[in-house]
Amino acid sequence: MIRLIVAVVLIFAAVQVQAQSVYAEHEFDDPAKQEMFKELAAELRCLVCQNQNIADSNAELAQDLRREIFAMIESGDSKSDITDFMVERYGEFILYRPLLSAKTLVLWLGPLIFFLGGMVMIVMISRRTKKTVIEIDEASLGQARDLLDEKRDSDDKTN
């Protein structure tokens, strides 16, 4: 068990060192620029890995994109300028959080539409289900009692 804990701690430490090394190679004098670089590196998707941001990726394209972002920040470009440049060059797929536009409206509203549709279906099905009420008259109730009595008597005789 101790070996497992040590292994997990070492893995987390290695991941942390690797993540910090991405930022260590791109140091800024201004902490605001450093923070903007970190935010952009976390918000842009690596086009090679596709499920990692460029801060976490070791792909050559991710390294090139980090250098490009570093140069653009150093030249004084704003966060929106850099994002617009990346979207223009690589398409909206580079963004982890796509912009709200006519093309992405279904992406943003889809979960809400499915949720509301499901709720409407649940309400409709629950209202459509009818509860069946069975009315029993005294004659039927008497017959049922007689059958139960006969069953009990036959069970008592066999035991």
(message) Looking only at residues that are more than 25 Å from Gly91 (Cβ to Cβ) and of a type in the set (Ser, Thr, Tyr) in the stretch 101-138, which one is modelled with the highest pLDDT?
(response) Ser126
(message) Quick check on the stretch 82-91. Is at least one of its residues charged (D, E, K, R), assigned to a helix (DSSP H, G or I) and surrounded by 11 or more Cβ atoms within 10 Å (Cβ to Cβ)?
(response) yes
(request) Restrict the check to the stretch 54-71 and report whether at least one residue is under 18 Å from the mean Cα position of the chain (by Cα) and either among the aromatic types (Phe, Trp, Tyr) or surrounded by 10 or more Cβ atoms within 10 Å (Cβ to Cβ) (or both). (result) no
(request) Could you tell me whether any residue of the stretch 10-23 is in the same structural domain as Phe85 (by TED's automatic domain parsing), over 19 Å from Leu61 (Cα atoms), modelled with pLDDT of 70 or more and of a type outside the set (Lys, Arg)? (result) yes
(request) Given the conditions (1) modelled with pLDDT under 75; (2) surrounded by 11 or more Cβ atoms within 10 Å (Cβ to Cβ), report the number of the one that Glu27 does not fulfil. (result) (2)
(message) Can you confirm whether Leu116 is in a helix (DSSP H, G or I), within 24 Å of the chain's Cα centre (by Cα), surrounded by fewer than 10 Cβ atoms within 10 Å (Cβ to Cβ) and free of Cβ contacts under 8 Å to residues at least 12 places away in the same chain?
(response) no
(request) Evaluate the stretch 136-157: report whether one residue or more is surrounded by 10 or more Cβ atoms within 10 Å (Cβ to Cβ), among the aliphatic types (A, V, I, L, M) and touching a residue at least 40 places away in the same chain (Cβ under 8 Å). (result) no
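Would you confirm, using the coordinates I've provided, whether Leu61 is more than 30 Å from Leu47 (Cβ to Cβ) and not basic (Lys, Arg)? Steps first, please.
Working: more than 30 Å from Leu47 (Cβ to Cβ): no; not basic (Lys, Arg): yes.
For Leu61, the condition - more than 30 Å from Leu47 (Cβ to Cβ) and not basic (Lys, Arg) - is not met.
The values are calculated or read from the model by the stated rules, or taken from the named source; none is laboratory data. No experiment lies behind these values; they were computed from the predicted model shown. Glycine gets a Cβ as well: all are built from the backbone with ideal geometry, and neighbour counts include every protein chain shown.
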